[in-house]
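To start, the structure itself, in C-alpha coordinates.
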Amino acid sequence: MNGARTSPHERAHFDALYASSDDPWHLRASWYEQRKRGLLLASLPESRYAWAYEPACAGGELTRSLARRCKRLLASDGSEAAVALARRRLADMGQVQVRQAWLPDEWPEGRFDLIVLSEFLYYLRPQAIAQVAQQARAALLPGGTVVACHWRAPIAGCALGGDAVHRQLRADLALPQALSCVDADFCLDLWQDQLQSVAQRDGRR
(Lines give C-alpha, C1' and ligand atoms only; values in the text may rest on other atoms or scores of the structure.)
Protein backbone atom coordinates (compact mmCIF):
# COMPACT_ATOMS: atom_id res chain seq x y z
CA MET A 1 0.00 0.00 0.00
CA ASN A 2 1.01 3.59 -0.48
CA GLY A 3 0.91 6.64 1.73
CA ALA A 4 1.35 10.37 1.26
CA ARG A 5 4.54 11.75 2.81
CA THR A 6 4.50 8.70 5.03
CA SER A 7 6.36 8.52 8.30
CA PRO A 8 8.65 5.62 9.20
CA HIS A 9 5.89 4.50 11.58
CA GLU A 10 3.33 4.27 8.77
CA ARG A 11 5.75 2.38 6.54
CA ALA A 12 6.57 0.00 9.40
CA HIS A 13 2.83 -0.64 9.85
CA PHE A 14 2.46 -2.10 6.37
CA ASP A 15 5.68 -4.06 6.59
CA ALA A 16 4.45 -5.51 9.89
CA LEU A 17 1.29 -6.74 8.17
CA TYR A 18 3.41 -8.72 5.71
CA ALA A 19 5.62 -9.98 8.49
CA SER A 20 2.58 -11.66 10.03
CA SER A 21 1.14 -12.98 6.74
CA ASP A 22 2.13 -13.11 3.06
CA ASP A 23 -1.51 -12.26 2.23
CA PRO A 24 -2.76 -9.89 4.98
CA TRP A 25 -5.90 -8.89 3.03
CA HIS A 26 -6.70 -12.47 1.90
CA LEU A 27 -6.46 -11.43 -1.74
CA ARG A 28 -5.82 -14.96 -3.03
CA ALA A 29 -8.37 -17.08 -1.19
CA SER A 30 -11.32 -14.70 -0.77
CA TRP A 31 -14.19 -15.13 -3.26
CA TYR A 32 -15.06 -11.47 -2.64
CA GLU A 33 -11.60 -10.45 -3.86
CA GLN A 34 -11.66 -12.85 -6.80
CA ARG A 35 -15.06 -11.56 -7.93
CA LYS A 36 -14.00 -7.93 -7.55
CA ARG A 37 -10.87 -8.53 -9.64
CA GLY A 38 -12.99 -10.24 -12.28
CA LEU A 39 -15.37 -7.28 -12.49
CA LEU A 40 -12.51 -4.78 -12.69
CA LEU A 41 -10.83 -6.74 -15.47
CA ALA A 42 -14.12 -7.14 -17.34
CA SER A 43 -14.71 -3.39 -17.17
CA LEU A 44 -11.56 -2.55 -19.14
CA PRO A 45 -12.57 -1.44 -22.64
CA GLU A 46 -9.47 -2.73 -24.47
CA SER A 47 -8.44 -6.35 -24.74
CA ARG A 48 -4.74 -5.37 -24.71
CA TYR A 49 -2.72 -2.45 -23.36
CA ALA A 50 0.76 -1.33 -24.35
CA TRP A 51 2.00 0.23 -21.09
CA ALA A 52 0.05 0.08 -17.83
CA TYR A 53 0.69 1.25 -14.27
CA GLU A 54 -0.70 -0.31 -11.09
CA PRO A 55 0.32 1.44 -7.85
CA ALA A 56 -0.33 -0.27 -4.51
CA CYS A 57 0.04 -3.70 -6.06
CA ALA A 58 0.41 -5.51 -2.71
CA GLY A 59 1.52 -9.10 -3.34
CA GLY A 60 0.66 -8.95 -7.03
CA GLU A 61 -2.65 -10.83 -7.27
CA LEU A 62 -4.34 -8.28 -9.53
CA THR A 63 -1.00 -7.59 -11.21
CA ARG A 64 -0.76 -11.15 -12.53
CA SER A 65 -4.18 -10.91 -14.18
CA LEU A 66 -3.49 -7.44 -15.59
CA ALA A 67 -0.16 -8.60 -17.01
CA ARG A 68 -1.91 -11.10 -19.26
CA ARG A 69 -3.47 -8.13 -21.06
CA CYS A 70 -0.44 -5.81 -21.12
CA LYS A 71 2.64 -5.66 -23.30
CA ARG A 72 4.37 -3.91 -20.39
CA LEU A 73 3.16 -3.37 -16.84
CA LEU A 74 4.74 -1.31 -14.08
CA ALA A 75 3.56 -2.22 -10.57
CA SER A 76 4.61 -0.49 -7.36
CA ASP A 77 3.96 -0.56 -3.64
CA GLY A 78 5.21 1.42 -0.69
CA SER A 79 5.93 -1.64 1.41
CA GLU A 80 9.34 -3.18 0.88
CA ALA A 81 7.96 -6.55 2.00
CA ALA A 82 5.07 -6.35 -0.49
CA VAL A 83 7.45 -5.47 -3.32
CA ALA A 84 9.71 -8.42 -2.51
CA LEU A 85 6.70 -10.75 -2.42
CA ALA A 86 5.28 -9.42 -5.70
CA ARG A 87 8.65 -9.79 -7.42
CA ARG A 88 8.86 -13.44 -6.38
CA ARG A 89 5.30 -14.20 -7.48
CA LEU A 90 5.68 -12.42 -10.82
CA ALA A 91 9.21 -13.56 -11.66
CA ASP A 92 7.90 -15.66 -14.55
CA MET A 93 6.25 -12.64 -16.21
CA GLY A 94 8.97 -10.75 -18.06
CA GLN A 95 6.64 -7.91 -19.08
CA VAL A 96 6.16 -6.87 -15.42
CA GLN A 97 8.44 -4.51 -13.49
CA VAL A 98 7.85 -4.13 -9.74
CA ARG A 99 9.36 -1.25 -7.80
CA GLN A 100 8.98 0.38 -4.41
CA ALA A 101 7.28 3.78 -4.49
CA TRP A 102 5.11 5.87 -2.17
CA LEU A 103 2.50 8.07 -3.83
CA PRO A 104 2.09 10.86 -4.56
CA ASP A 105 5.75 11.73 -3.92
CA GLU A 106 7.22 9.00 -6.11
CA TRP A 107 4.92 8.87 -9.12
CA PRO A 108 6.93 7.25 -11.95
CA GLU A 109 8.07 8.87 -15.15
CA GLY A 110 6.43 7.87 -18.41
CA ARG A 111 2.97 7.83 -19.92
CA PHE A 112 0.51 4.97 -19.79
CA ASP A 113 -2.58 3.82 -21.67
CA LEU A 114 -3.96 2.16 -18.51
CA ILE A 115 -3.71 3.33 -14.89
CA VAL A 116 -5.29 1.20 -12.13
CA LEU A 117 -6.04 2.90 -8.80
CA SER A 118 -7.26 0.07 -6.59
CA GLU A 119 -7.81 -0.10 -2.83
CA PHE A 120 -5.34 2.47 -1.58
CA LEU A 121 -6.51 6.05 -2.07
CA TYR A 122 -8.49 6.06 1.19
CA TYR A 123 -5.15 5.81 3.01
CA LEU A 124 -4.23 9.25 1.62
CA ARG A 125 -5.27 12.71 2.68
CA PRO A 126 -7.66 14.55 0.32
CA GLN A 127 -4.91 16.85 -0.97
CA ALA A 128 -2.75 13.82 -1.77
CA ILE A 129 -5.66 12.15 -3.59
CA ALA A 130 -5.99 15.31 -5.66
CA GLN A 131 -2.28 15.14 -6.48
CA VAL A 132 -2.52 11.48 -7.54
CA ALA A 133 -5.49 12.33 -9.78
CA GLN A 134 -3.53 15.15 -11.40
CA GLN A 135 -0.53 12.88 -11.87
CA ALA A 136 -2.68 10.16 -13.42
CA ARG A 137 -4.30 12.55 -15.85
CA ALA A 138 -0.94 14.05 -16.86
CA ALA A 139 0.52 10.55 -17.37
CA LEU A 140 -2.40 9.23 -19.43
CA LEU A 141 -1.79 8.68 -23.12
CA PRO A 142 -4.40 9.92 -25.62
CA GLY A 143 -7.31 7.48 -25.58
CA GLY A 144 -6.10 5.94 -22.31
CA THR A 145 -8.10 4.59 -19.37
CA VAL A 146 -8.10 5.21 -15.63
CA VAL A 147 -9.96 2.64 -13.53
CA ALA A 148 -10.50 2.89 -9.77
CA CYS A 149 -11.96 0.42 -7.28
CA HIS A 150 -12.32 0.91 -3.51
CA TRP A 151 -14.01 -0.63 -0.47
CA ARG A 152 -17.06 1.40 0.59
CA ALA A 153 -17.22 0.64 4.32
CA PRO A 154 -15.37 2.85 6.84
CA ILE A 155 -11.74 1.94 7.52
CA ALA A 156 -10.11 2.75 10.85
CA GLY A 157 -7.63 5.59 10.54
CA CYS A 158 -8.83 6.67 7.07
CA ALA A 159 -10.46 10.05 6.65
CA LEU A 160 -12.45 9.04 3.56
CA GLY A 161 -14.31 5.91 2.51
CA GLY A 162 -14.50 4.58 -1.01
CA ASP A 163 -17.56 6.60 -2.02
CA ALA A 164 -15.93 9.88 -0.97
CA VAL A 165 -12.66 8.91 -2.67
CA HIS A 166 -14.49 8.29 -5.95
CA ARG A 167 -16.46 11.54 -5.70
CA GLN A 168 -13.15 13.36 -5.37
CA LEU A 169 -11.63 11.40 -8.26
CA ARG A 170 -14.53 12.37 -10.54
CA ALA A 171 -13.90 16.03 -9.78
CA ASP A 172 -10.11 15.96 -9.85
CA LEU A 173 -9.62 13.73 -12.89
CA ALA A 174 -12.12 15.75 -14.93
CA LEU A 175 -12.21 13.00 -17.57
CA PRO A 176 -15.22 11.55 -19.41
CA GLN A 177 -16.67 8.71 -17.32
CA ALA A 178 -17.35 5.50 -19.23
CA LEU A 179 -18.54 3.22 -16.43
CA SER A 180 -19.77 3.40 -12.84
CA CYS A 181 -20.64 0.34 -10.74
CA VAL A 182 -21.74 0.62 -7.12
CA ASP A 183 -21.72 -2.74 -5.40
CA ALA A 184 -22.89 -3.23 -1.81
CA ASP A 185 -19.22 -3.48 -0.79
CA PHE A 186 -17.14 -1.54 -3.34
CA CYS A 187 -17.34 1.14 -6.02
CA LEU A 188 -15.81 0.71 -9.46
CA ASP A 189 -15.42 3.65 -11.84
CA LEU A 190 -13.71 3.99 -15.19
CA TRP A 191 -12.70 7.10 -17.12
CA GLN A 192 -11.34 7.50 -20.65
CA ASP A 193 -9.32 10.30 -22.17
CA GLN A 194 -11.42 9.98 -25.32
CA LEU A 195 -14.83 8.50 -24.62
CA GLN A 196 -15.70 5.68 -26.98
CA SER A 197 -17.89 2.69 -26.23
CA VAL A 198 -16.60 -0.86 -26.49
CA ALA A 199 -19.09 -1.47 -29.33
CA GLN A 200 -17.68 1.54 -31.18
CA ARG A 201 -14.12 0.30 -30.65
CA ASP A 202 -15.21 -3.11 -31.93
CA GLY A 203 -16.76 -1.60 -35.07
CA ARG A 204 -20.33 -2.51 -34.08
CA ARG A 205 -21.64 1.09 -34.00
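The values are calculated or read from the model by the stated rules, or taken from the named source; none is laboratory data. Predicted, not measured: the structure shown is a model, and the values here were computed from it. FYI the Cβ positions are ideal-geometry reconstructions off the backbone, even for glycines, and counts take in every protein chain you see. The protein model used for the area step is the full one, side chains on, heavy atoms only, and it has no ligands, DNA or RNA in it. Shrake-Rupley method; radii C 1.70, N 1.55, O 1.52, S 1.80 Å.
Between the entries (1) 17.1, 51; (2) 16.0, 53; (3) 15.6, 47, the label attached to Rg and Dmax of the Cα atoms in Å calculated for this structure is (2).
Just need the relative contact order of the stretch 147-198 here, percent rounded to a whole number, with Cα pairs under 8 Å and 6+ apart. Don't skip to the answer; put the middle values down first.
Values: 75 pairs, mean separation 21.0, N = 52.
Worked out over the stretch 147-198, it gives 40 percent.
Using just its DSSP H runs of length 4 or more, each adding -39500 (n - 2.57), the chain gives a mean residue ellipticity at 222 nm of -10500 deg cm²/dmol after division by all residues. Helix 8-20: angle to the longest alpha-carbon principal axis of the chain, degrees 0 to 90, nearest 10? With both axes taken from Cα atoms, the answer is about 90 degrees.
Judged by the gyration tensor of its Cα atoms, with axes a ≥ b ≥ c, the stretch 21-73 is oblate; a/c meets the 1.5 cut and b/c is at least as large as a/b. Of the residues HIS150, SER79, SER197, the one whose Cα sits farthest towards the positive end of the charge dipole of the chain is SER197 (charges of +1 on Lys and Arg Cβ, -1 on Asp and Glu Cβ, taken about the Cα centre). Skip the ligands, DNA and RNA, and give the accessible area per residue of the chain with a 1.4 Å probe, whole Å². So the chain comes to 46 Å² accessible per residue, rounded to a whole number.
Calculated on C-alpha atoms, the gyration radius of the stretch 60-103 divided by its Kirkwood radius gives an Rg/Rh of 0.93.
Summing Lys and Arg as +1 and Asp and Glu as -1 over all other residues whose Cβ lies under 12 Å from the Cβ of GLU119 gives a net charge of -2.
Quick one: pull the percent of accessible area on the chain belonging to carbon and sulfur, 1.4 Å probe, ligands and nucleic acids left out.
Values: 4790 of 9510 Å².
Here it works out to 50 percent.
Relative contact order for the stretch 126-175: what percent, with Cα pairs under 8 Å and sequence separation of 6 or more?
Rounded, it is 47 percent for the stretch 126-175.
FRET efficiency for the GLN95 to GLN127 pair, using the beta carbon distance and R₀ = 35 Å, is estimated at 0.55.
Give, rounded to the nearest 20 debye, the magnitude of the charge dipole that the chain has about its Cα centre when Lys and Arg contribute +1 at Cβ and Asp and Glu contribute -1 at Cβ. Show your work: numbers first, answer last.
Details: 25 positive and 23 negative charges, 126 e Å.
Roughly 600 debye, rounded to the nearest 20.
Comparing ALA91, ALA58, ALA184 in a Gaussian network model of the chain where C-alpha atoms under 10 Å apart are linked, the largest mean-square fluctuation is found at ALA184. Using the beta-carbon distance between ALA50 and ALA153 and R0 = 41 Å, what value does 1/(1 + (r/R0)^6) give for FRET efficiency, to the nearest 0.05? Efficiency for this residue pair is about 0.70. Potential lengthening of the chain between LEU141 and ALA199 amounts to 18.8 nm, from the contour at 0.36 nm per residue minus the alpha-carbon distance.
Our estimate of slack between CYS181 and ARG111, defined as 0.36 nm per intervening residue step minus the Cα-Cα distance, is 22.6 nm.
How high is the relative contact order of the stretch 76-146, given as a whole-number percent (alpha carbon pairs under 8 Å, six or more residues apart)? Please list the in-between numbers first.
Working: 57 pairs, mean separation 23.2, N = 71.
Relative contact order of the stretch 76-146: 33 percent.
Summing Lys and Arg as +1 and Asp and Glu as -1 over all other residues whose Cβ lies under 14 Å from the Cβ of ASP172 gives a net charge of +3.
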